[in-house]
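Reading through the structure tokens given below for one structure.
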Amino acid sequence: LKYIRTKLLRMTRAHIQAVYGLSTNTLLAWENGRIELAEKSIEKCIKIFATENLLVSKEWLLLGEGVSPTFTF
């Protein structure tokens with residue numbers, strides 16, 4: 001998640017909270033592995049990324065395997 005947020009989307013946690021309502025503390029906990037991503041959380045992240053024109057598969061998000069994230073324009 002952190003890789004996608006910082007390297008691909010170049011977004012801050014504060015921006016994600018302001019635009020999408022996702023708590024910075026929750027995002028930090030997911031990025032640091034303190035809280036495991038639940039199915040609902042995975043879907044929320046994928047929707048946020050898609051809104052930012054970045055397609056990310058569940059497999060890549062969880063395992064780093066499969067199709068790499070791709071920008072759509």
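Observations on the model:
- Within region 36-59, the set of residues being in a loop (DSSP other than H, G, I, E, B) and either surrounded by 11 or more Cβ atoms within 10 Å (Cβ to Cβ) or of a type in the set (V, I, T) (or both) comprises L37, E52, N53, V56, S57.
- Members of region 1-28 that are in contact with an Asp or Glu (Cβ under 6 Å, 6 or more places away or on another chain) and hydrophobic (A, V, I, L, M, F, W, C): L1, L9
- Per this entry, L62 is not counted among residues that are touching a residue at least 60 places away in the same chain (Cβ under 8 Å) and open to solvent by 40 Å² or more (accessible area, probe 1.4 Å).
- Residue list for region 1-30, restricted to those being open to solvent by 60 Å² or more (accessible area, probe 1.4 Å), of a type in the set (S, T, N, Q) and in a loop (DSSP other than H, G, I, E, B): T12
- For the condition open to solvent by less than 70 Å² (accessible area, probe 1.4 Å) and at pLDDT below 95, G33 qualifies.
The values are calculated or read from the model by the stated rules, or taken from the named source; none is laboratory data. What you see is a predicted model, and the numbers here were worked out from it, not measured in a lab. All Cβ positions, even for glycine, are placed from backbone atoms using ideal geometry, and neighbour counts span all protein chains on display. We work out accessible area using only protein heavy atoms, side chains counted, and drop any ligands, DNA or RNA first. Shrake-Rupley method; radii C 1.70, N 1.55, O 1.52, S 1.80 Å.
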